[in-house]
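Chemist: Below: one structure in structure tokens.
The values are calculated or read from the model by the stated rules, or taken from the named source; none is laboratory data. Just so we're clear, the structure is a prediction, and the values are computed from it rather than from any experiment. Counting neighbours? That spans all protein chains shown, and the Cβs are built from the backbone with ideal geometry, glycine included.
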């Protein structure tokens, strides 16, 4: 029994722990690896008494306990599935609604930041009162709690020679991570993490989990480009890769399907096949433990596709795949979620170890020759044409000159710009290029140079996240450093971070730190450091000089925001020296714009957006977002979104005075491709595959205000997307003042300030 202290299981490596607080009046459940926590309270007068218990669940749980009470209040409203003990779905209760099962049942809280289950032998009743979900054991039967962390790790490390044949053998083992070959593997937590890859002179595949017998083989040419591109598909299909031409799928050894007919190139065909099979398996799983109205199924059937989904669900993987290949690709692509990730990686030995991490994200993997950047234009200065870097810098300088950089009554310079203090610093520009376009929500890049439009990844940043171990505190420490008094307006982000819901966050503000003080801070245990000040090639500006991150032996801070001019190189050094991920700038940034960007990034992180997601949204919001980039593991997040998948509400006024509304969803590392999403406003009981823009409907002003009042979420007016001003708003602010919706383009910043130098939702990740 635990009262007032954390369960000792943390020391033994269990990521889930409990704390009973306030003399039994509050239960805190902590996922100490993912740094997530939830707080539950009993009925007034009730007293929690938690004791570990062994119990069979229909899904794996890391920990289970009796609670000693029959009624519990959840911290907010969430979707709840009521199931029989074997997992059979008995009732689907949307957030804010009521339902009950009078026989033995399990409640799956589908949208909470931690996977949470409650069981009661006498049945369960779910209701909502004053914005909180109430869970009650029917007839006063006590509740049992089960919880699981979504954290996954590779089970083993495979050594392969850096040859196409070596990579074929290694990638063929990725399917061993699958926890099932059924359509349910479209849920992120049922896919498992592929084994790590390391490069060596000889093949070495240690004993471990075996790849399921799916009957699927990929015959591919002996080229690095093709094998790399095939890694996500081979992982999802549990397929073996063998050399062969022409490229083809072999199903159970007796059916052959040419691959190149699915795309203009073999890599493109492989990716389109992944989208096709993944989406159709998402539809097929509606015949299993998650029978629901799925918008993707509606779209496919509306196009005239008639498949016996119940029969397909029961088929072996190879037979399902054969049935799926009879469906037109364009029909399925119209129903597919927006794909999350495109990765551009060089055809070098360094890229091999990235494959399991990119396969885990089901990325569209594109390779490029090591002596070229994967840019929109590969022209070099020797051709007589301006280089990409020169073009970017010219455009940047034009923007800076075209907008008066002086504050009212002041002169141009440090007061309004976070520019380097010397000409020498200003000329030290890294090799910048604009990444080639991709049809995905996010782009990442591995290699030299500075990509505009993509986040830069390294193998080390992925491995650091995977190696995280339970932390008994699970409280977050955020430190805001302002080393220039003229930039104190941004220091208010400390209050933003401290107000994170459902989580304990300690915010601190430090000003005018010395080199030694900043060094000590970076080498202490900090979850996020938000630096505000000048940055140059010499390092981060301090009260007594500059701190070059390259001079540090190690960095303990996990995440960072370097909100100063051209901070990219110092950010790279932070990741190289131990940080998990962070945000840096590619060019000079105007002080007012940087302040607005810093605040908006902080707000998005505080509401559960991962680093890459926050930057992706701001890049859509204004051109200023293009000057910021993510370094390291962009899936890193400070907190988890209250409702699962982060989402932004897009609003567009109609000529008749109403509003067309849609929800733009963003996938995260845990709430990944395959997660389902149901808005708590608009359509009735229709689920969507999360990823991109979903769920459009029309509302009048009263209905829209009600939507804005329910939850504080980012809002964009569709007409203001990609404008020259930062226009991201928040729903609670709009609920108080709806005038920006009907006004012209509302400028949230002073008209004279230069751009730069250059909803209500519910989501479900079930298993």
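Chemist: For residue 244, only one of the following conditions fails: (1) at pLDDT 95 or above; (2) within 27 Å of residue 172 (Cβ to Cβ); (3) surrounded by fewer than 17 Cβ atoms within 10 Å (Cβ to Cβ); (4) in contact with a helix residue (DSSP H, G or I) (Cβ under 9 Å, 6 or more places away or on another chain). What is its number?
Modeler: Of (1) at pLDDT 95 or above; (2) within 27 Å of residue 172 (Cβ to Cβ); (3) surrounded by fewer than 17 Cβ atoms within 10 Å (Cβ to Cβ); (4) in contact with a helix residue (DSSP H, G or I) (Cβ under 9 Å, 6 or more places away or on another chain), only one is false for residue 244: (4).
Chemist: I'd like the full set of residues that are closer than 17 Å to residue 713 by Cα, in a strand (DSSP E or B) and more than 16 Å from the chain's Cα centre (by Cα), limited to segment 610-658.
Modeler: Across segment 610-658, the qualifying residues are 649, 650, 651, 652.
Chemist: If you don't mind, there's one more thing I want to ask. Check segment 560-582 and report whether any residue there is outside the structural domain of residue 33 (by TED's automatic domain parsing), more than 27 Å from the chain's Cα centre (by Cα) and under 24 Å from residue 463 (Cβ atoms).
Modeler: Taking every residue of segment 560-582 in turn, none turns out to be outside the structural domain of residue 33 (by TED's automatic domain parsing), more than 27 Å from the chain's Cα centre (by Cα) and under 24 Å from residue 463 (Cβ atoms).
Chemist: Within segment 332-356, can you find the residues that are surrounded by 17 or more Cβ atoms within 10 Å (Cβ to Cβ) and assigned to a helix (DSSP H, G or I)?
Modeler: 332, 351, 352, 353, 354, 355, 356 - these are the residues of segment 332-356 that are surrounded by 17 or more Cβ atoms within 10 Å (Cβ to Cβ) and assigned to a helix (DSSP H, G or I).
Chemist: Which one is farthest from residue 711 (Cα to Cα) among residues in segment 729-755 that are at pLDDT below 50 and surrounded by fewer than 17 Cβ atoms within 10 Å (Cβ to Cβ)?
Modeler: In this case the residue turns out to be 752.
Chemist: So if I check each of 535, 515, which one is within 23 Å of residue 596 (Cα to Cα) and not assigned by TED's automatic domain parsing to the domain that holds residue 29?
Modeler: 535
Chemist: Determine, yes or no, whether residue 508 is modelled with pLDDT of 85 or more, touching a helix residue (DSSP H, G or I) at 6+ places or on another chain (Cβ under 6 Å) and either surrounded by fewer than 22 Cβ atoms within 10 Å (Cβ to Cβ) or under 30 Å from residue 435 (Cα atoms) (or both).
Modeler: For residue 508, the condition - modelled with pLDDT of 85 or more, touching a helix residue (DSSP H, G or I) at 6+ places or on another chain (Cβ under 6 Å) and either surrounded by fewer than 22 Cβ atoms within 10 Å (Cβ to Cβ) or under 30 Å from residue 435 (Cα atoms) (or both) - is not met.
Chemist: Which of the residues spanning segment 27-51 are exposed (fewer than 15 other Cβ atoms within 10 Å of the Cβ) and modelled with pLDDT of 90 or more?
Modeler: 43, 47, 51
Chemist: Mind listing whichever residues of segment 310-320 are buried (at least 20 other Cβ atoms within 10 Å of the Cβ) and in contact with a helix residue (DSSP H, G or I) (Cβ under 6 Å, 6 or more places away or on another chain)?
Modeler: 320
Chemist: While we're looking at this one, here's another question. Could you give every pair whose Cβ atoms fall below 9 Å, whose first residue belongs to segment 649-663 and is at positive phi, and whose second residue is outside any loop (DSSP other than H, G, I, E, B) and modelled with pLDDT of 90 or more, counting only separations of at least 6 or pairs across chains?
Modeler: Listed by first residue and then by second, the contacts come to 657/701.
Here is a yes/no grid of residues against (1) out of contact with any helix residue (DSSP H, G or I) (no Cβ under 8 Å at 6 or more places or on another chain); (2) assigned to a loop (DSSP other than H, G, I, E, B); (3) modelled with pLDDT of 80 or more:
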| site | (1), (2), (3) |
| --- | --- |
| 464 | yes, no, yes |
| 470 | no, yes, no |
| 473 | yes, yes, no |
| 478 | no, no, yes |
| 486 | no, no, yes |
| 489 | no, no, yes |
| 494 | yes, no, no |
| 497 | no, no, no |
| 500 | no, yes, no |
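Chemist: Mind checking which residues of segment 154-172 are farther than 16 Å from residue 361 by Cα, in a loop (DSSP other than H, G, I, E, B) and in contact with a strand residue (DSSP E or B) (Cβ under 6 Å, 6 or more places away or on another chain)?
Modeler: Correct list: 162 only.
Chemist: Okay, moving on. Please specify each residue of segment 506-556 satisfying the condition of being assigned to a helix (DSSP H, G or I) and out of contact with any strand residue (DSSP E or B) (no Cβ under 9 Å at 6 or more places or on another chain).
Modeler: 520
Chemist: Could I ask something else about it? How many residues does segment 59-85 contain that are in a loop (DSSP other than H, G, I, E, B), farther than 30 Å from residue 558 by Cβ, modelled with pLDDT of 90 or more and under 33 Å from the mean Cα position of the chain (by Cα)?
Modeler: The qualifying residues number 3.
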